[in-house]
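The values are calculated or read from the model by the stated rules, or taken from the named source; none is laboratory data. These figures come from a predicted structure and were not determined experimentally. Ideal geometry is used to build each Cβ from the backbone, glycine not excepted, and the neighbour counts take in all protein chains shown. These accessible areas exclude ligands, DNA and RNA; they are computed on the full protein's heavy atoms, side chains included. Shrake-Rupley method; radii C 1.70, N 1.55, O 1.52, S 1.80 Å.
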Amino acid sequence: MRPRNTPPRLLLFAAGLAALAGCGTVTAADPPPAAPPASASAAPAVDRADLEARARYARIRVEHVYVTEAEGYTPALQSAGVVGDDGFQVTYVDGKGGEVTLSAERRPPNGEECVAGPPDGDGCEAEGDGWYRRSGDRHAYLREENGLRVEVAAPLTVPRDLLRRAAAGAHRADDAELDAVLPRATAPAGPVERGDLPPVGDGAPDNSVGTGG
C-alpha cells in the first residue's frame, strides 16, 4: 500500500511551529528570572516614639541631633550626648588618635565673635555660609542653621580639607541616624528600692550603731 501524502497545508503549519520554537526568547526549559535583591528600604521602620523617649531621657531635642561623615572616621557612641541645654554632640574617631567633634546647640554664632587674625594664626574668617576659626591647637567650621550653632571641630592634625567636607555634610539626623547615635536609656523604669530606709519616719537612712559602736 502506498503511503498517503501529507496535505501541503499541514506541512506549512508544522514548518511555522518549528520556526517559532527556534526564534523564541523563553522556552519551558529556561529558568525563571531571578528575583531582584531586597533593598535597604525593606528594613523594619524605626519606632519614632522610642526615639523621642530616648532623646528626652538624655535631655536632647531630636531636632538638635546632627550627624555627618568624615573619611576614615566613625562615631564613638560613648561620646554622644547632650551639650548646652538640649543640644547634641558626638565625636568621630579614626582609631589612630584622630577625632572630629560635631555639635549643634541653641547658641548661634554671629559675625561679632569672628575676629580676623594673621594668616595661618589664631583668628576667624568668613567662608561659604559660615566661618572657619583657628584657636590654639584646634580649628573648626561653624554656621547658623535652624536657629542652632552647628560646629565641626578638630585638632590641627586633622586636615582642614577633611574638616571642611565634614562640616559641609553635617545635617539633621533622620530616624535611622537617630537610632544609630542616640544614647539608649539604661535607668530602671520605676523608683530604685533601697534596703537601708526605715519603714516609718522621714525616710532618712538608718546610720545608728549598736552599744560600744
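Among the residues of the range 86-97 satisfying the criterion of being at pLDDT 95 or above and not hydroxyl-bearing (Ser, Thr, Tyr), which is farthest from Leu156 (Cα to Cα)?
Asp86
Looking at the range 53-64 only, could you name the residues that are open to solvent by less than 70 Å² (accessible area, probe 1.4 Å) and either in a loop (DSSP other than H, G, I, E, B) or charged (D, E, K, R) (or both)?
Those that are open to solvent by less than 70 Å² (accessible area, probe 1.4 Å) and either in a loop (DSSP other than H, G, I, E, B) or charged (D, E, K, R) (or both): Arg54, Ala58, Ile60, Glu63.
Quickly run through the range 137-153 and pick out the residues that are of a type in the set (D, E, K, R), within 17 Å of Tyr73 (Cβ to Cβ) and touching a helix residue (DSSP H, G or I) at 6+ places or on another chain (Cβ under 9 Å).
Passing the criteria: only Glu151.
Taking into account only those residues within the range 65-93 that are in a loop (DSSP other than H, G, I, E, B) and of a type in the set (A, V, I, L, M), which is nearest to Ala173 (Cα to Cα)?
Val65
Which one of these does Leu156 not meet: (1) open to solvent by less than 80 Å² (accessible area, probe 1.4 Å); (2) hydrophobic (A, V, I, L, M, F, W, C); (3) touching a residue at least 24 places away in the same chain (Cβ under 8 Å)?
Condition not satisfied by Leu156: (3).
So in the range 93-104, with the set limited to residues that are under 15 Å from the mean Cα position of the chain (by Cα) and open to solvent by 10 Å² or more (accessible area, probe 1.4 Å), which one is nearest to Asn146 (Cα to Cα)?
Going through the qualifying residues, I end up with Ser103.
Taking the options Arg138, Arg133, name whichever one is touching a residue at least 12 places away in the same chain (Cβ under 8 Å), open to solvent by 80 Å² or more (accessible area, probe 1.4 Å) and either of a type outside the set (A, V, I, L, M, F, W, C) or under 16 Å from Tyr66 (Cα atoms) (or both).
Selected residue: Arg138, the only one of Arg138, Arg133 that is touching a residue at least 12 places away in the same chain (Cβ under 8 Å), open to solvent by 80 Å² or more (accessible area, probe 1.4 Å) and either of a type outside the set (A, V, I, L, M, F, W, C) or under 16 Å from Tyr66 (Cα atoms) (or both).
All but one of (1) loosely packed, with under 13 Cβ neighbours inside 10 Å; (2) modelled with pLDDT under 95 hold for Arg107; state the number of the condition that does not hold.
The failed condition is (1).
Criterion first (farther than 19 Å from Ala55 by Cβ and charged (D, E, K, R)) does Asp137 satisfy it?
So Asp137 passes the test.
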